[in-house]
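Since the structure comes first, as structure tokens, the remarks are kept for the end.
Coordinate-derived values only; no laboratory data. Keep in mind the model is a prediction, meaning the values are calculated, not measured. Here the Cβ positions follow ideal geometry from the backbone for every residue, glycine too, while neighbour counts run over all protein chains shown.
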Amino acid sequence: MMDRMNEPTLTGPELENAVVRQLHNVRVFLIIMTAGSIVAAARRMNKAPSAVTRSLQELERCIGRTLCERNAQGVVPTPHGRLTLTRAERIADELGRAAAELARDRSRSSSASPSALTDFLFNGRKLALLVQIGDAGTLSAAAEQSGIRQSGASMALSRMEAMLGLILFHRGKHGLSATQTAKRLMLHARRVFSESRHLAAELSDEAGVLRGSIVLGTSPLGRTHILPMAVAASLRRHPDIRITMIESAIGQLLASLRAGQIDAVVGVPRREEENSGLTIEPLFRDSMAVIARADHPLAARQLSHADLRDASWLLPWPHSPSRQLFDHGIRTLGLEPPAASVESADLATIRQLLLATDLLALVSARQMRFELRSGLAVELSTPLPVIARDVALITRKQALLSPAADAVMAAIRDQVRDEED
């Protein structure tokens, strides 16, 4: 369909950004493939066939791949075209849901036509600016991220709000705060960006060589040696993939997972009612233990109730599931939960403090595997009931992950099975 390709082939984040910038032409490509020909797509869009052809050529030129070929029956997608078509359909579905929500929220005074709303939603630059404003909380910071003047960002936001007939951000002394409408729209935008990231990964794959990326979230209990070993195995098999690991509390990770910013989370799932829309795949059961340095005064004996009451503790965060289970276990012994001298989920901090102080730590025995095996630390015998949590691989139900993400998750499962054998 066009003379290929004088421009260098993009991969990784550059290709992802190109896809986002070309969302309007991704929509054109979807319509071409749905209609079956350039001419039929032009009629559907009320455009000249030459204009539709130019849009397709611009998309192909920007991403550096041929997406379809003409034949007697119309147009046929290339292998890259089939990958793009799958993601284009998912992007259109996501933005269709956004359009339905905006239609419910929009003011009757808005004069914007359905086509104007579609043009807005399939404008990657505007969606990116919306998310940047929401994340930064100020127009100046968002403008800097976007590479435009603050006056340009302000004008763009005002035009978006005027077109929608909706307030997207409340203006205040300390910056901008997103309305509920903006928050919902930002969620859809992030999911579109996730589809763009996965498409970039799929288009970057070559025959026999897996490229692409995965963003993997890990909560404190997910950070056992299983995860680093699985990552190492993934890189041995597929050295060209990129793995980004984000460490945070499980609530923050699940919010990013739902928005498509994270592909999978290894951690302890929340209560059942908080797991709506997520797939929970149990990996292993992790037991918490009371750990101290090897020469701790309490290391050589069974701890009494008084020892538990009087000890200086290094405990998980107050509202974490592990802390709640610990507090419950203490109460079953007729004691009040102790005040923590230190609260932390950072393993480096926990290890250093354990070896340098008389603190007792409630921590995963798996996470302290090296210290326990090397004799630097010991697991204490206590009257506490068993404190254990199920660690799971958590994904979004409607997500279609890239082959790179699938490969890393397979390596995690393999590592868990190796540990159990």
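For a Förster distance of 41 Å, can you work out the FRET efficiency between the beta-carbons of THR357 and ALA255, rounded to the nearest 0.05? Computed FRET efficiency for THR357 and ALA255 comes out at 0.75. Calculated mean residue ellipticity at 222 nm for the chain: -16000 deg cm²/dmol, from DSSP H runs with n ≥ 4 weighted as -39500 (n - 2.57), summed, divided by the residue count and rounded to 500. Backbone N atoms of segment 274-313 closer than 20 Å to the 7 Å Cα→Cβ label point of ASP390 belong to residues 274-289.
What list do you get for ARG184, ARG331, ARG389 if you sort them by fewest beta carbons within 10 Å?
Ordered by Cβ neighbours within 10 Å, fewest first: ARG331, ARG184, ARG389.
Principal axis extents of the Cα atoms in the chain, from largest to smallest and rounded to whole angstrom, are 85, 54, 36. Its Cα centre serving as origin, the chain has a Cβ charge dipole (Lys and Arg +1, Asp and Glu -1) of approximately 1660 debye. When the charge dipole of the chain is built from unit charges on Cβ atoms (+1 for Lys and Arg, -1 for Asp and Glu) and taken about the Cα centre, the candidate among VAL363, ALA411, PRO79 whose Cα reaches farthest toward its positive end is PRO79.
Listed from fewest to most Cβ neighbours within 10 Å, the set ILE394, ILE243 follows the order ILE243, ILE394.
A viscosity of 1.002 mPa s and a temperature of 20 °C, combined with the Kirkwood radius over Cα pairs in Stokes-Einstein, give a translational diffusion coefficient for segment 264-421 of 124 µm²/s.
Work out the length of the dipole vector of segment 12-184 about its Cα centre, built from +1 on the beta-carbon of each Lys and Arg and -1 on the beta-carbon of each Asp and Glu, and round it to the nearest 20 debye. The dipole magnitude comes to about 380 debye. In this structure, HIS174 and ASN71 have a Cβ-Cβ separation that, at R0 = 60 Å, corresponds to a calculated FRET efficiency of about 0.50.
A simple spin-label model places the labels of SER158 and ASP135 2.6 nm from each other, with each point 7 Å out along Cα-to-Cβ.
The separation of segment 224-282 from segment 375-398, counted between C-alpha centres, amounts to 17 Å. Given R0 = 56 Å, the distance between the Cβ atoms of GLU247 and SER37 translates into a calculated FRET efficiency of 0.65. For segment 310-397, the Cα gyration tensor yields ellipsoid semi-axes of 20, 19, 13 Å (square root of five times each eigenvalue, largest first, whole Å). Think of segment 136-187 as a dipole: +1 on every Lys or Arg Cβ, -1 on every Asp or Glu Cβ, centred on the Cα centre; then among LEU166, SER154, ALA141, LEU166 lies furthest on the positive end. Based on the convex hull around the alpha carbon atoms, segment 12-184 presents an average projected area of 11.0 nm². Running a GNM on the chain with Cα contacts under 10 Å, which residue among LEU355, LEU121, LEU15 ends up with the highest mean-square fluctuation? Its mean-square fluctuation being the largest, the pick is LEU355.
Normalised by 2.2 N^0.38 Å, where N counts its residues, the alpha-carbon radius of gyration of segment 15-83 equals 1.02.
Is there a pair in LYS47/LYS397; LYS173/LYS397; LYS47/LYS126 whose C-alpha atoms are over 31 Å apart, and which pairs would that be?
Check vs 31 Å cut-off fails for LYS47/LYS397; LYS173/LYS397.
Normalising the average separation of contacting C-alpha pairs (under 8 angstrom, six or more residues apart) by the number of residues puts the relative contact order of segment 12-184 at 19 percent. Spin-label model, GLN145/ASP414: points 7 Å from Cα along the beta carbon direction are separated by 3.7 nm. With both labels modelled 7 Å from their Cα along Cα-to-Cβ, the GLU379 to GLU343 distance reads 2.7 nm.
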